[in-house]
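Read the structure below first, then the notes.
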Amino acid sequence: MLSYRHAFHAGNFADVLKHSVLTLVLEYMTRKDKGFTYIDSHSGAGMYQLADEYAQKTGEYKDGIAKIINADDLPEALEFYHRLILSLNSLSQNSLSMNPADLSLYPGSPGIAKEILRRQDSAHLFELHSTDHVLLTEFCQRWRKVFVKQSDGYQGVLSLIPPPSRRGVVLIDPPYELKEDYQKAVKTIIKAYGKFSTGTYILWYPVVKRSFVDGMKSNFINSEVKNLLQVELCLQTDTEEYGMTGTGLFIVNPPWQLKSQLESILPYLQEKLGNNETSYSLDQLIEE
Ligand SMILES: C[S@@+](CC[C@H](N)C(=O)[O-])C[C@H]1O[C@@H](n2cnc3c(N)ncnc32)[C@H](O)[C@@H]1O
């Protein structure tokens, strides 16, 4: 029985890191005319109302997107993501004196993809939760070339790889309600890579227990996967206590300039979203 609802967490610090990377990767893919396929294994609802009871109950977005929405000193690499959130909220760079707590909309990963994908690109979105699947289907109504399925996203990824265009981005963003997600997510990428080694794969993870992250890392290192970047933003130092202290992404075949873009984004997010315990890291774990 699934209980995770992303609406509680939409726009938090982990979403800011994940979605700024997703935005940069998808924007890079649109630099060539040839269409590409976007596969989102764990899609969520697509778009979130920040005024609703879920987001207000945790208020997580107030410590995430709300802290940078009025910024006028963003690194260039964050500007596209920032503009996208502003335009969804019908705001422009010139109206940056709003109360950040009044932000009304925050996109999920499908919401970001919908803004960036073109007519020649297609999206395959998987979501198991019945309520979020309904919301996602409604959200996608006027989007051509989108395929929404209420089925297992890990199997979904493997069934679609390689995409006919041989150009593809896969986002794997499980809720980690089940510990097996840590290994299942990595194994899915390793298998998919075996069939489609030129695809870009983005895997999100929470830092809850360091040993789980280390396990993912060593599985990648012992696999055939090449060109793997790992990025992390930890608000607090690792602890054995319950709760998420940090967040990270493994990115296989990142766009060539993503590492340098992250070199400018990470210190900025550390300063704006963090505290004196906050740290970040960026490592090319496996060379090309
Ligand atoms: C972290 S949320 C996704 C957030 C979304 N990717 C975003 O960035 O906005 C994880 C979602 O995966 C769904 N889910 C859990 N297990 C799944 C599975 N095996 N296949 C597809 N969806 C699943 C949950 O219902 C939840 O909505």
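Some points to look at:
- Each of GLU277, GLU127 was scored by other Cβ atoms within 10 Å of its Cβ. Arranged with the fewest first, they read GLU277, GLU127.
- Two-site FRET efficiency, ARG142 against ASP238, from Cβ-Cβ distance with R₀ of 30 Å, rounded to 0.05: 0.10
- Multiplying the residue separation of SER3 and LEU158 by 0.36 nm and subtracting their alpha-carbon distance yields 53.3 nm.
- Extension gain, LYS57 to SER151: 0.36 nm times the residue separation minus the Cα-Cα distance gives 31.0 nm.
- Computed [θ] at 222 nm, helices only, for the chain once each DSSP H run of length n ≥ 4 contributes -39500 (n - 2.57): -11500 deg cm²/dmol
- For the range 12-56, the residues whose amide N sits under 16 Å from a probe point set 7 Å from the Cα of ARG118 along the beta carbon direction are 25-38.
- By the count of neighbouring beta-carbon atoms within 10 Å, fewest first, TRP256, TRP143, TRP204 end up ordered TRP256, TRP143, TRP204.
- Contact order, relative form, for the chain: 21 percent (alpha carbon pairs under 8 Å, 6 or more residues apart, mean separation divided by residue count).
- Note on the range 1-61: the alpha carbon radius of gyration divided by the globular reference 2.2 N^0.38 Å gives 1.37.
- The C-alpha atoms of the range 1-137 occupy a region whose extents along the principal axes are 41, 39, 22 Å, arranged from largest to smallest.
- The DSSP beta bridges internal to the range 6-286 are antiparallel in roughly 60% of cases.
- Residues ASP173, ASP33, ASP63, sorted so that the one with the fewest Cβ neighbours within 10 Å comes first: ASP33, ASP63, ASP173
- Debye intensity ratio in log₁₀ form over the Cα atoms of the range 167-241, taken at each q of 0.13, 0.16, 0.24, 0.28 Å⁻¹: -0.40, -0.60, -1.25, -1.56
- Note on the range 124-229: Kirkwood radius taken over Cα pairs, Stokes-Einstein applied at 37 °C and 0.692 mPa s, translational D equal to 219 µm² s⁻¹.
- Each part reduced to its alpha carbon centroid, the range 194-256 and the range 46-74 end up 24 Å apart.
- The alpha-carbon atoms of the range 184-288 define a convex hull whose volume equals 88 cubic angstrom per residue.
- When the chain is treated as a Gaussian network with alpha carbon springs shorter than 10 Å, the biggest mean-square fluctuation among VAL148, VAL252, VAL231 belongs to VAL148.
- Distribution of pairwise C-alpha distances over the range 6-286, 10 Å bins, in %: 6, 30, 39, 21, 3
No lab work stands behind these numbers, since they all come straight from the coordinates. Nothing here was measured: the structure is a model prediction, and the numbers come from that model. All Cβ positions, even for glycine, are placed from backbone atoms using ideal geometry, and neighbour counts span all protein chains on display.
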